[in-house]
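The values are calculated or read from the model by the stated rules, or taken from the named source; none is laboratory data. Owing to the predicted nature of the structure, the values given are computational and were not obtained by experimental measurement. Note: ideal-geometry Cβ built from the backbone for every residue, glycine included; neighbour counts use all protein chains shown. With ligands, DNA and RNA removed, areas are computed over all heavy atoms of the protein, side chains included. Shrake-Rupley method; radii C 1.70, N 1.55, O 1.52, S 1.80 Å.
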Amino acid sequence: MKKVIKLTVNGMEKELLVDVHSTLLDVLREDLGLKGTKKGCNQGECGACTVLIDGNPVPSCSLLAVKADGKDVLTIEGVAEAGKLHAIQEVFNEKGAIQCGFCTPGMILVTKKLLDDNPNPDEQEIKEAIAGNICRCTGYAQIIEAIMALAGRKQVR
Amino acid sequence: MAAYNIVGKGVPRVDGPDKASGKAIYTVDVSLPGMLYGKILRSPYAHARIISIDTSMAEKLPGVKGIVTGRDLRDVRYAFVDTPHYPADEQPLAVDKVRYIGDEVAAVAAESEAVAEKALALIKVEYEIIPAVFSAIEAMRDDAPLVHDEQLEGTSAWEEWGVTKRKNITASSYAANNVSGRTFVQYGDVDAGFEEADHIREDTFELKATAHCPMEPHAVVASYDAVQDKLHVWLSTMGIFLKRFFLSKTLNIPASKIRVHHTYVGGAFGGKIDLFPYEFCAAYLTIKTGQPVKIELDREEVFMTTRQRHPMNITVRTGIKKDGIITAQDIKVIADNGAYRGSGPVVIFLCHGFSFPVYNVPNYRYEGFSVYTNNPIRGPQRGHGAPQIRFSIDSHIDLIARDLGMDPLEIMLKNARKQGDVIPNGDVLNSCGLTECIKGAAAAIDWKNKRRQFQASPASTGRFRRGVGISICSMFSGAMYYPFASAAIIKMHDDGSATLFTGAQDIGQGSYTTLSQVLAEELGIGMEDVHVVAGDTELCPIDLGSFLSGTALVTGSAVKLAAADAKRQIMESAAELLGVDNIGELDAFNKKVFQRQSPDNYVTYQQAIQASVLRKGGNPIIGTGSYKGYEKTDRYPSLSKGKGLFTGAYGFAAQTAEVEVDTWTGKVKLLRACTFHDCGYPLNETIVRGQIHGCSSMGQGQALSEEIYLEEGQLFNASFLEYRLPISTDTPELVDGIVISQEPSGPFGAKEVGEGSVAGMLAAVANAVHDAVGVRIKSMPITPEKVLRALNNPT
Ligand code: FES
Ligand code: FES
């Protein structure tokens, strides 16, 4: 069965005919071609598929697309503005917070939420904020370093 | 040490912006018009004969475009180990027997994943269940069921590549007692060595299987172009040429008719080397249907069917003098390689390979067996044998130190190999900073003050108790495996910038960045002047692949040679423009060639390249380079005898750990981890630190929480909730020390960094736990249950 839903994705309004069984992750990736959102487990356990819905991080593999009807969705593709990387993206790369990059979109969106709410988190707050996002490559140290370096900075947005 | 402009600096990764902005394309992101979706039917039984397979119902399902079963592929065989001694034992789809739960039986390509899934349910397979065996030790008994009883023949990959077939090797008919491989190495006089000893100790250790858990699940897209007769594949791999070779061999089509395209790899850690049945099936089905086919494994399939680290039983017996000098060692390893040989014979060889470069043991015997069982297949995983063997040896050394009332550091320092040592197979340690690593890691953890062993009243009574431990390790920097060498091509552009063509694959370890740095440094251009075309078999020259930690040394050397070649050509052209006869008078830097004596007399690279096109028969300047570990082909390592040269250079590391044990719950918390790694020279400090952290985190997981639960071959924890990887809140305080030993054969002195230090954490933690609470855990991982049990029954 299909249903029409409305989503605002990265600032653009979309009207979509989606299968009622489709997850938001599949709709973003397959229907909208936004492949930056990653599928690491498809069962809500790794955080790779994290997007911000109305500003809050949600694992998009665990949300039916129809449940996101009317919501505002920010994916990794919407973080850079006018081709210029966001400060989080810049600093992640400078500090070695990116290796294979598969966890990176989710990590960056969670970091954005953290810094939007609390521009000056301490190390423990940072660790807790990203605890739902698994990174197998970095051992987290350089991700934490990157977020520490961002803490206290005036955010772009 | 020479001052460099670009190598050694922590320049940001060249692939970082794509990955940070969601633009990086991974295999699973590839979508082609008319693409079909494939699914694999897997065995629900650990050991069963296939009586019949009926696909007729599935074929009739609307939307199903192609089905393949083992019956279509009788003669196809391949394997990670494919030598005259160990003929290939895997088939893409089971023919007569299934040998583990998850073994591939059939594949379907359909218009959607849902239809493919439905079709699987319509395939009727009749099985006859037969007795199975689930432990290596039981499998070796005379009355155990045989996992492989078939005759294996065929030409191995090695013979096709001109490696001489050894005389008198009858390809093993079947594996007696399920033994799939044996390594036996001996040197010195072991019995005399033990006689000489003042103290002899023997310990047995056990390690469970663990999973790689790359965050990107395995996937493939295959698309056959019938008009051009060309098979295009996108796959998640660590070595594009190796995959192409396997596809060519199994599909029986020439390698040049297959093109592996570049995609980013979302982590691999050894688990993306082998050819997998789903990859073969996608290729087979695209040829059959004429439509592109995508197969994406789900997380459970990744856990079950894409290899695991070998569970092992390891016994170490050591003879030692009162003063801590080792006189003899006898090591026995039994590795369960699961239902197919996988990398069994390699891992038992490598357990030796990562044992003997560390301590100077004059009298040494090593025997390793890899054994078939009806468990999932085991393959290479970061360190490949090193975590198992280092855990065992260094836990054992810690126990010996306690027996002798010595500091284990002292034993390590007294027996550690040194720079210049020639180790028994003939490999020379041209760079070895092991002693420096040990001292550095010990100082960083504050060994003298924190080691409870030395304190007046080591037994504390508090609930939380702390202790420290140490372990050391070694790793190859590349070794001989298909395609045996790496090459690089550098194309100069009109403006003096360069494009590097490399077959290396960036699996997250940062090779595109470090190789760009090597190029830029050698050629005298900036990082912004380097472009990388990589990971494409059509565009790029051969490459060893990103495993056995060979990229920095082997591919890095090829890139350096190619850059030197391009630079020489630029200089020759510049010499003509400058009216200089001898290019020895010239230097090149910052895209300018100038006379050393009068630097104002210069031409730009742009001018030199233009002049080369105009005056040197149109030569636009293309630099090439290639590198191979060894020149001699007759000294390949022998897996079974441990003879031959193993690698061009060994990386070394020392790991110390401080833990806190909760004596009420048995939970062990890693507080502080100090890793000192001798990587020769850090081409990129940020990346080197990242590799060290990644290793240390993976080691932490293996030491404390990671374990594949199998019950009669059935995997019970194929999810991240139940297979516990370290998460951010588990991150200890990390200290990383980069030890520079300047490997003479490595580019700018660089060698291995990405694997070795994964091995140190296991014994470092086990030894720290002993230091904290006085109990010894000899099996990995150290779970709260094991700690509590040991605390309640101190031996
Ligand atoms: S893919 Fe959604 S949490 Fe893993
Ligand atoms: S960078 Fe690979 S999983 Fe985080």
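Take the conditions (1) touching a residue at least 60 places away in the same chain (Cβ under 8 Å); (2) charged (D, E, K, R); (3) more than 22 Å from B:PRO12 (Cα to Cα); (4) open to solvent by 30 Å² or more (accessible area, probe 1.4 Å); A:LYS38 misses just one of them, which is (4). Screening A:CYS135, A:CYS103 for residues that are under 30 Å from B:GLN381 (Cα atoms), within 16 Å of ligand 2 (Cβ to nearest atom) and touching a Gly at 6+ places or on another chain (Cβ under 8 Å) leaves exactly one candidate, A:CYS103. Taking the criterion of being assigned to a helix (DSSP H, G or I), under 31 Å from the mean Cα position of the chain (by Cα) and aliphatic (A, V, I, L, M), the residues of region B:744-795 that qualify are B:VAL758, B:MET761, B:LEU762, B:ALA763, B:ALA764, B:VAL765, B:ALA766, B:ALA768, B:VAL769, B:VAL787.
The set of residues in region A:98-117 that are over 13 Å from the mean Cα position of the chain (by Cα) and within 16 Å of ligand 1 (Cβ to nearest atom) contains only A:CYS100. Being crowded, with 19+ Cβ neighbours inside 10 Å, over 21 Å from B:GLU785 (Cβ atoms), in contact with a His (Cβ under 7 Å, 6 or more places away or on another chain) and modelled with pLDDT of 95 or more is true of B:VAL739.
Look at B:GLY625 and say whether it is under 36 Å from the mean Cα position of the chain (by Cα) and not in a loop (DSSP other than H, G, I, E, B). Taking the combined requirement at face value, the residue satisfies it. Under the condition of being closer than 26 Å to B:ILE687 by Cα, touching a residue at least 24 places away in the same chain (Cβ under 8 Å) and open to solvent by 40 Å² or more (accessible area, probe 1.4 Å), the residues counted in region A:70-87 number 1. Only one of the numbered conditions (1) open to solvent by 40 Å² or more (accessible area, probe 1.4 Å); (2) in contact with a strand residue (DSSP E or B) (Cβ under 9 Å, 6 or more places away or on another chain); (3) more than 14 Å from chain A (Cβ to nearest Cβ); (4) aliphatic (A, V, I, L, M) is violated by B:ALA3, and that is (2).
Criterion first (among the hydroxyl-bearing types (Ser, Thr, Tyr), more than 16 Å from ligand 2 (Cβ to nearest atom) and either within 11 Å of another protein chain (Cβ to nearest Cβ) or within 20 Å of B:HIS218 (Cα to Cα) (or both)) does A:THR75 satisfy it? Spelling it out, A:THR75 is indeed among the hydroxyl-bearing types (Ser, Thr, Tyr), more than 16 Å from ligand 2 (Cβ to nearest atom) and either within 11 Å of another protein chain (Cβ to nearest Cβ) or within 20 Å of B:HIS218 (Cα to Cα) (or both). In this entry, B:ILE687 passes the filter for residues that are crowded, with 24+ Cβ neighbours inside 10 Å and at the interface with chain A (Cβ under 9 Å from one of its Cβ atoms). Restricting the first member to region A:97-109 and to residues that are in a helix (DSSP H, G or I), and the second to residues that are away from ligand 1 (no atom under 11 Å from the Cβ) and of a type in the set (S, T, N, Q), the beta-carbon pairs closer than 7 Å and six or more apart or on different chains are A:ILE108/A:GLN89. Of the strands (runs of 3 or more DSSP E) contained entirely in region B:512-614, those carrying at least 1 residues that are among the β-branched types (Val, Ile, Thr) and open to solvent by less than 30 Å² (accessible area, probe 1.4 Å) fall at B:530-534, B:592-595, B:602-604. Any residue at all in region B:106-129 that is surrounded by fewer than 24 Cβ atoms within 10 Å (Cβ to Cβ) and under 23 Å from B:PHE369 (Cα atoms)? No, there is no match, as no residue in region B:106-129 is surrounded by fewer than 24 Cβ atoms within 10 Å (Cβ to Cβ) and under 23 Å from B:PHE369 (Cα atoms).
If you check B:ILE583, B:ILE622 for being modelled with pLDDT under 95, in contact with a helix residue (DSSP H, G or I) (Cβ under 9 Å, 6 or more places away or on another chain) and aliphatic (A, V, I, L, M), only one passes: B:ILE583. Among the numbered conditions (1) away from ligand 1 (no atom under 14 Å from the Cβ); (2) open to solvent by 20 Å² or more (accessible area, probe 1.4 Å); (3) under 13 Å from the mean Cα position of the chain (by Cα), the only one that A:LYS67 does not meet is (3). Only one entry of A:GLY47, A:GLY33 meets the criterion of being surrounded by 23 or more Cβ atoms within 10 Å (Cβ to Cβ) and within 14 Å of chain B (Cβ to nearest Cβ), and that entry is A:GLY47. Would a scan of region B:695-715 turn up a residue that is more than 23 Å from B:VAL302 (Cβ to Cβ) and open to solvent by less than 20 Å² (accessible area, probe 1.4 Å)? Yes, region B:695-715 contains a residue that is more than 23 Å from B:VAL302 (Cβ to Cβ) and open to solvent by less than 20 Å² (accessible area, probe 1.4 Å). Can you tell me how many residues in region A:118-137 are away from ligand 1 (no atom under 16 Å from the Cβ) and surrounded by 24 or more Cβ atoms within 10 Å (Cβ to Cβ)? So the answer is 1. Being of a type outside the set (A, V, I, L, M, F, W, C) and in contact with a strand residue (DSSP E or B) (Cβ under 6 Å, 6 or more places away or on another chain) is the filter; apply it to region A:103-116 and report the residue that is farthest from the other protein chains (Cβ to nearest Cβ). Going through the qualifying residues, I end up with A:LYS113.
Restricting attention to region B:486-511, and to residues there that are under 11 Å from B:CYS540 (Cβ atoms) and not polar (S, T, N, Q), which single residue is most open to solvent (accessible area, probe 1.4 Å)? Applying the filter and picking the extreme gives B:ILE489.
I'd like to know if region A:88-102 contains one or more residues that are touching a helix residue (DSSP H, G or I) at 6+ places or on another chain (Cβ under 7 Å), at pLDDT 95 or above and either exposed (fewer than 15 other Cβ atoms within 10 Å of the Cβ) or more than 10 Å from chain B (Cβ to nearest Cβ) (or both). No, region A:88-102 has no match at all. Residues that are among the polar types (S, T, N, Q), within 10 Å of ligand 1 (Cβ to nearest atom), in a loop (DSSP other than H, G, I, E, B) and on the phi < 0 side of the Ramachandran plot within region A:19-64 comprise A:THR37, A:GLN43, listed in sequence order.
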